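Everything below concerns the one structure shown next.
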Amino acid sequence: MSGEIEVARRSAAIRVLEHLDTAEVVGLGTGSTIEIFLKTAYDKLARKTLVTSSIDTTLVARSLGLKLVEPLAIDYLDLYVDSADEVDPLGRMVKGGGGAMTMEKILASAANLRVFVVDELKVVPKIPHSSPVPIEVVPQAISIIKKKIESAGFACRLRVPHGKRAPVITDLGGAVIDTIPPKNWEPEDIARFLESIPGVVGHGIFINYTDILVIGRLSGQVEVVSYRR
Ligand code: 5RP
């Protein structure tokens, strides 16, 4: 990550701190931006009940000395903080570069306020732009699901660890297929189609999950967009 991108993300992460004052139960996304947020917000986070969306974030949080509870221990979050691979002006996002999109969506769905932190390079005119749309599937259904989506015009690639043939397995036991949907499909149509396929556990199209988007500019300036009605 370049120094400018890190500055952009850190400046944006600082703007999330104000939302921590009134939050008790806080959910954390996955990825390098969230790692920056954890370090930036450490003092405030240390006094909260924290729940993570992945083993990855759990390990980062624990290495910083933060205490966590299991997702099973909570049924409501005051605040969920995460990033995205791409976000468009309607606040629609592609997520799942880190393969944690299913749990991220579950935690976001249970939160009173959802704040997403991005650097300006992640803002695109319309999703999906250049990031693949990942889908998490029951591993036994990989071939059947791949055929279904390819027949609908999606390009598909099973996510595999470097040098391996067997798929990456998520924290939830799923395999990840990275897809490029047909160009003329709207994000809502992509989401509806993927959700109609048996064996699809989750996908990386997030619609109506963004309450507040914090965009860090490479200059260090920050723009805050509210989607709350
Ligand atoms: C993980 C995600 C992440 O939010 C997304 O991949 C962005 O990660 P990073 O902050 O490392 O750019 O959806 O599943």
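The values are calculated or read from the model by the stated rules, or taken from the named source; none is laboratory data. Predicted, not measured: the structure shown is a model, and the values here were computed from it. Neighbour counts run over all protein chains shown; Cβ positions are idealised from the backbone, glycine included. We work out accessible area using only protein heavy atoms, side chains counted, and drop any ligands, DNA or RNA first. Shrake-Rupley method; radii C 1.70, N 1.55, O 1.52, S 1.80 Å.
Determine the gain in length on full extension of the stretch Ser196-Ile106; use 0.36 nm per residue of separation and subtract their C-alpha separation, reporting nm with one decimal.
Roughly 30.6 nm would be gained on extension.
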Entries in Lys39/Lys122; Lys126/Lys183; Lys95/Lys126; Lys39/Lys95; Lys95/Lys122 that, when Cα-Cα distance is taken, lie over 18 Å: Lys39/Lys122; Lys39/Lys95
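Where does the charge balance sit around Met103 when Lys and Arg score +1, Asp and Glu -1, over other residues with C-beta under 10 Å from its C-beta?
Net charge in that neighbourhood comes out at -2.
Using the Kirkwood formula on the Cα atoms of region 133-204, what hydrodynamic radius do you get, in angstrom to one decimal?
With all distinct Cα pairs of region 133-204 included, I get 12.2 Å.
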Rounded percent of accessible protein surface that carbon and sulfur make up, region 1-148, 1.4 Å probe: 54
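Taking only protein heavy atoms and a 1.4 Å probe, what accessible area per residue, in Å², does region 133-204 have with all protein chains in place?
On the way: 4020 Å² over 72 residues.
Accessible area per residue, region 133-204: 56 Å².
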Cleavage-rule hits (GluC sites (Glu not before Pro)) in region 147-216: DSSP loop, at most 13 neighbouring Cβ within 10 angstrom: none
Those chymotrypsin sites (Phe, Trp or Tyr not before Pro) in region 56-118 that DSSP places in a loop and that have at most 12 other beta carbons within 10 Å: Tyr76
Region 42-85, Cα convex hull volume normalised per residue, Å³: 94
Equivalent ellipsoid semi-axes - Cα gyration tensor, the chain, angstrom: 29, 20, 16
Cross-link reach list, aspartates and glutamates versus Lys146, counting only Cα pairs under 13 Å and skipping chain neighbours closer than eight places: Glu136, Asp178
Loop trypsin sites (Lys or Arg not before Pro), region 151-201, which have at most 14 other Cβ atoms in a 10 Å radius of their Cβ (DSSP): Lys164, Arg165, Lys183
Kirkwood Rh in Å, taken over all unlike Cα pairs in region 50-165: 16.3
Fluctuation leader among Ser83, Ser109, Ser63 - the chain, Gaussian network, Cα springs under 10 angstrom: Ser63
Backbone HN-Hα couplings from phi across region 64-72 [Karplus 6.51/-1.76/1.60, Hz, Gly and Pro as x]: 8, x, 7, 9, 10, 10, 5, x, 5
Cα→Cβ-extended label distance, 7 Å offset, between Arg229 and Val138, nm: 3.5
Distance between modelled label sites at Tyr42 and Leu113, nm, 7 Å Cα→Cβ extension: 2.4
Calculated FRET value between Leu59 and Val160, using beta carbons and R₀ = 25 Å, to 0.05: 0.70
Projected label distance in nm at Ser219 and Asp171, using a 7 Å step from Cα toward the beta-carbon: 3.7
